Amino acid sequence: MRLRRNRERYAARRSSSPRPTGVAIFVAVYVLLWLSCGLPATLLLAALRGLPGAVAVAGILLAAAFWELTPLKRRALNRCHRGEALPPTGAGRLVGVARFGWRNASGRIASCWPAMLAAFVVPVAQPLAMAGFTVVMAYERLTRRPRTARRRIAVSYLAIAAVFVLVAP
């Protein structure tokens, strides 16, 4: 009898679990924030379409190299890495999940925007460029020495920009 009562309590608690709701809120906030960056990015890309592809990519990579070395980039990366203690239940938990989704997405957008633009402006082999930037961003996120990684990434962006300038017709 007692075992059956405990099973019923566990089943009732398990079926009313708000966890899937929290995941849905996190994903919704994360995706909506990324989508809100779509219009400004589209306008910027439309403005850059008038330039030759190699010049646009080189300019964006130059901006990305300088962005890598700024304190704002460091703060944005710290936002990506920062965790948050969430309340276990209730409306406070859902608000906390939404705040965590906002903080995570805004940090990623702020730290990745020049590389994302460069990947979209590359005149040929966009999937290859996106794969390369993905490897660079993963290296930056997972390294144990972020300052050294940011310097290496900045130098590599400058080198790639120089190649685009030299190869440009």
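The values are calculated or read from the model by the stated rules, or taken from the named source; none is laboratory data. Being a predicted model, the structure only gives us computed values, none of them experimental. Cβ sites come from the backbone with ideal geometry, for glycine too, and all protein chains shown count toward neighbours.
Below are the figures for this structure:
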quantity: Filter pass, Leu45 being outside any helix (DSSP H, G or I), under 23 Å from Val163 (Cβ atoms) and not charged (D, E, K, R); calculated: no
quantity: Every residue from the range 133-169 that is of a type in the set (Ser, Thr, Tyr) and not in a helix (DSSP H, G or I); calculated: Thr143
quantity: Odd one out for Ala91 among (1) without any contact (Cβ under 8 Å) to a residue 24 or more places away in the chain; (2) within 23 Å of Leu51 (Cα to Cα); (3) loosely packed, with under 15 Cβ neighbours inside 10 Å; calculated: (2)
quantity: Leu61 vs. criteria assigned to a helix (DSSP H, G or I) and among the aliphatic types (A, V, I, L, M); calculated: yes
quantity: Failed item, numbered, when Pro87 is tested on (1) farther than 21 Å from Leu32 by Cβ; (2) at pLDDT 80 or above; calculated: (2)
quantity: Long-range neighbours under 7 Å by Cβ, at least six apart or interchain, first residue under 11 Å from Glu68 (Cβ atoms) within the range 142-169, second of a type in the set (Ser, Thr, Tyr); calculated: Ala149/Tyr139; Ala149/Thr143
quantity: Per-region count, the range 74-96, residues in contact with a helix residue (DSSP H, G or I) (Cβ under 7 Å, 6 or more places away or on another chain) and either charged (D, E, K, R) or assigned to a loop (DSSP other than H, G, I, E, B) (or both); calculated: 6
